[in-house]
1. Across segment 1-29, what is the number of residues that are open to solvent by 70 Å² or more (accessible area, probe 1.4 Å) and in contact with a Phe, Trp or Tyr (Cβ under 9 Å, 6 or more places away or on another chain)?
2. Within segment 11-57, how many residues are in contact (Cβ under 8 Å) with a residue 40 or more places away in the chain and polar (S, T, N, Q)?
3. Go through segment 35-56 and count every residue that is closer than 22 Å to M3 by Cβ and open to solvent by 90 Å² or more (accessible area, probe 1.4 Å).
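The values are calculated or read from the model by the stated rules, or taken from the named source; none is laboratory data. A quick note: this is a predicted structure, and the numbers were derived from the prediction, not measured. A quick note on method: Cβ atoms are made from the backbone with ideal geometry, for glycine too, and the neighbour counts reach across all protein chains shown. To get the accessible areas, we keep the full protein, side chains included, count just its heavy atoms, and leave off ligands, DNA and RNA. Shrake-Rupley method; radii C 1.70, N 1.55, O 1.52, S 1.80 Å.
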Amino acid sequence: MRMRSWLRFSLERPTHVTLSVYDVAGRLVRRLLDEERGAGEHSVMWVGRDTDGRPLPAGVYFSQLIAGDFTQTRKL
């Protein structure tokens, strides 16, 4: 079974956004976004694969959103 997670966020104004996924050891698994995004609602799907496209084992992962001076980390 493939892991799928929709990562949703909203921006009050256009800003540079970095959205990354990390494993429980804090290692970067995949960078999903590293770009300018406009104001409004956004969503990105992560399908449980690493940067090279390899499927990852089931487990606990964390997403980290950095948008301007705002940072948020969530358990997936």
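1. Total meeting the criteria: 4.
2. The qualifying residues number 3.
3. Start the filter on segment 35-56 by keeping residues that are closer than 22 Å to M3 by Cβ, which leaves 42-56.
Going one step further and asking which of them are open to solvent by 90 Å² or more (accessible area, probe 1.4 Å), we end up with 51-52, 54-55.
Count: 4.
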